[in-house]
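Read through the structure below, which is laid out as structure tokens, and then see the notes.
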Amino acid sequence: MGNFRYRLAQFMMGRNGFDNFCQGLILLAVVFILADLFVPGRILGTLTLIIFIYVYFRAFSRNIARRRAENEWYVTYIALPLRSFAARDRKHYRYFKCPGCGQLLRAPKGRGKIRVTCSRCHNVFEKKV
Ligand SMILES: [Zn+2]
């Protein structure tokens, strides 16, 4: 076992490894695998396979600079927004969609009925928050 781990470490030297982006993709694949039980057809199974191929491609990639840039993009635009949306933000903000264009909007909670102007289509409507 020790020998195997040593050889694995040798193999992974100079390669990107499993970063945040890989972990996020694996999580997405697990969601797809579970959803695949309820969704007919092969689309989710195929997507899962593509995700796993991409995860291993990234983990074994020697182009570390490029993979690191992708990981930073993932953390900035996906992981952090998702995390703040899931945990902290929800206590203080109410999220809702603009009835005009479907844009996701947010407003501080507990202010009663407020007038909202959509940031995308400038539709004005009233919303209880
Ligand atoms: Zn709108």
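The values are calculated or read from the model by the stated rules, or taken from the named source; none is laboratory data. Computed from a prediction, not measured in an experiment: that's the story for all the values here. Cβ: placed from backbone, ideal geometry, glycine included. Neighbour counts: every protein chain shown.
Looking at Arg58, Arg66, Arg62, which is the one that is at pLDDT 90 or above, in the same structural domain as Phe21 (by TED's automatic domain parsing), more than 19 Å from Ile26 (Cα to Cα) and surrounded by 12 or more Cβ atoms within 10 Å (Cβ to Cβ)?
Sole residue among the options that is at pLDDT 90 or above, in the same structural domain as Phe21 (by TED's automatic domain parsing), more than 19 Å from Ile26 (Cα to Cα) and surrounded by 12 or more Cβ atoms within 10 Å (Cβ to Cβ): Arg66.
Does segment 8-23 contain any residue that is basic (Lys, Arg) and touching a strand residue (DSSP E or B) at 6+ places or on another chain (Cβ under 7 Å)? If you could, list the steps in order and put the result at the bottom.
Restricting attention to segment 8-23, the residues satisfying the condition of being basic (Lys, Arg) are 15.
Next, only the ones that are touching a strand residue (DSSP E or B) at 6+ places or on another chain (Cβ under 7 Å) stay: none.
Scanning segment 8-23 turns up no residue that is basic (Lys, Arg) and touching a strand residue (DSSP E or B) at 6+ places or on another chain (Cβ under 7 Å).
I'd like the full set of residues that are more than 14 Å from the ligand (Cβ to nearest atom) and at negative phi, limited to segment 96-114.
Pro108, Lys109, Arg111, Lys113, Ile114 - these are the residues of segment 96-114 that are more than 14 Å from the ligand (Cβ to nearest atom) and at negative phi.
Among the strands (runs of 3 or more DSSP E) confined wholly to segment 25-129, which include 2 or more residues that are touching a residue at least 12 places away in the same chain (Cβ under 8 Å) and under 16 Å from the mean Cα position of the chain (by Cα)?
none
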